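For reference, the structure is listed below as structure tokens.
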Amino acid sequence: MHFVILPYICCAASHVTAYTERSAHKKGNSHRIAQSTVLSSRPKSLRLASLIVDSFDSILHLLLLTVVYPGGLTYRLFADRLRGPLPTLTDPTTDPAPALGLADISLVRGGLFYRFQQTLGFIHPNRWNLGRRIAVLIAIGWVPLVAITAFANPGGLPSLFADYRVYARLFVAIPVLLSGEFLIDLRFHTVLKSINEADLLGEQDTTQMERAMAKIVHLRDSLVPELLILGLLLVYILTSYRGSMDGTPWFAQGMGSDIRLTTAGWYGVSVGTLLWLFLLSLGLWHWFLWTLFAFKLSRQNLKVVATHPDGHGGIGFLGLTIEAFAPIAFAATCVIGSTWRHHILHDGAHLLSYKVPAIILLLIIVLIALAPLFFFSPRLFLLRYSALRKYGVVGQQYSTEFQEKWIEHPTGHKGESLATTESGRLVAYGHIFDRITKLKPFPLDKGALYVLAIAVVLPLLPAVLTEIPFAVVMKDLLKALR
């Protein structure tokens, strides 16, 4: 429960600062040149105090996103393991139960970027080394940025330390996306293990899936996808950076058509932005590989059973894979939310102006996350339809026999007890048929869906709290839970 309460405590502490700052930047009075004039006219003590308050506000929101969400997601994913010895981040492929004949299958451990990290010694054999990799990438994005600003533009340091967008990209998105690689791999191996243990595939289908997975591994290791991603991102950054320029002192200088990036601004765009966008694209690429695997699996003759207790024909475990997309959704929403928050606080934008983009963002995330599960819906729908017809025929026979014996012609059975095998069989069959009627044609796990919802909503809270009081947000949340 503390994972749920803590974010609202952090937001409440920082809301006073954010709301005051929002009131001071009304529409029509938020141009950066005017703000710079006001700041320069303040005494040094007031400017220092303002810097401390702004930095404290950003740090609180940073703690909100880096401590609460990863902690809650980790508990959700590893609740069963936390009761025993603490797990180590070793390669899931060391699991003694090989998956479909390919013991070393992985969606993440391969490709240009992964091998590049191995070459530099950032990843050791059978280890993930998340702490080392996260520290290195954050250092690459943050340390030179501060150094360049300090030497080339000392007056921009206060705005850099108070820029929530920088924290969201470097200190939140990058660690979450790197950790998400482990979660994708973990869930994928859980699926493979469940398929084996449940014996969902026949011998011929297993052979076909092994061939399909071999092609997926070959695609994962190909140089073309990641080089293409890198090239497209470079083109995107070079053609769109002007649209992101504003008067933030560390990032850009000048005004109007004369505005230009500072040296630190160029570094932030070419390195910091490229880093988190590349990791985001890499996560989406890995998710595409999982989607491709799910499509191939859905084309096989799965041994689904309409009466299975999970209510999804025996493939309900596939719904847990939604959790693996949560880090990707969280990172993307965090960066987008930080940009919206900046525009609201500094550029006179209003929260309601982002209503349509927020809805579109939510729809895109949900569609991508649920896409692999849609492939199994036709099979489950046909399974339910067929089972209702076939079990209905047998149920009709049982019911007719029971009715003729005990309702229409009871005189010849007065000495017999009603609690016979026939009545028990009819009751048991009724329970079986009721289970078939409740079979869901979409293998969705509600717990995993809640995790995805938190991953989308939580990063947007800092932007929401700039205009809506914390008490109102809590009141609406409590109403929604009822």
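Rounded to the nearest whole Hz, the Karplus-based 3J(HN,Hα) values (6.51 cos²θ - 1.76 cosθ + 1.60, θ = phi - 60°) of the stretch 252-261 follow the sequence 8, 9, x, 8, x, 6, 8, 5, 8, 6, with x at glycine and proline. Rounded to the nearest whole Hz, the Karplus-based 3J(HN,Hα) values (6.51 cos²θ - 1.76 cosθ + 1.60, θ = phi - 60°) of the stretch 262-274 follow the sequence 7, 4, 5, x, 4, 5, x, 6, 7, 10, x, 5, 4, with x at glycine and proline.
Once the Cβ-Cβ distance of Lys405 and Asp221 is raised to the sixth power relative to R0 = 60 Å, the FRET efficiency obtained is 0.35. Pairs from the table (Lys193/Lys355; Lys215/Lys355; Lys193/Lys475; Lys303/Lys446; Lys438/Lys475; Lys296/Lys390) lying more than 32 angstrom apart at Cα are Lys193/Lys355; Lys215/Lys355; Lys193/Lys475; Lys438/Lys475.
Proximity of backbone amide H atoms, modeled 1.01 Å from N, is registered between Ala252 and Thr262 at under 5 Å, excluding neighbours fewer than 5 places apart on the same chain. When each of the peptides 447-453, 112-118 is scored by the mean number of other C-beta atoms lying within 10 Å of its residues, the order from highest to lowest reads 447-453, 112-118. Annotation for the stretch 203-273 versus the stretch 155-189: alpha-carbon center distance of 15 Å.
Here, each number is a calculation from the coordinates, and none is a lab measurement. Predicted, not measured: the structure shown is a model, and the values here were computed from it. Cβ: placed from backbone, ideal geometry, glycine included. Neighbour counts: every protein chain shown.
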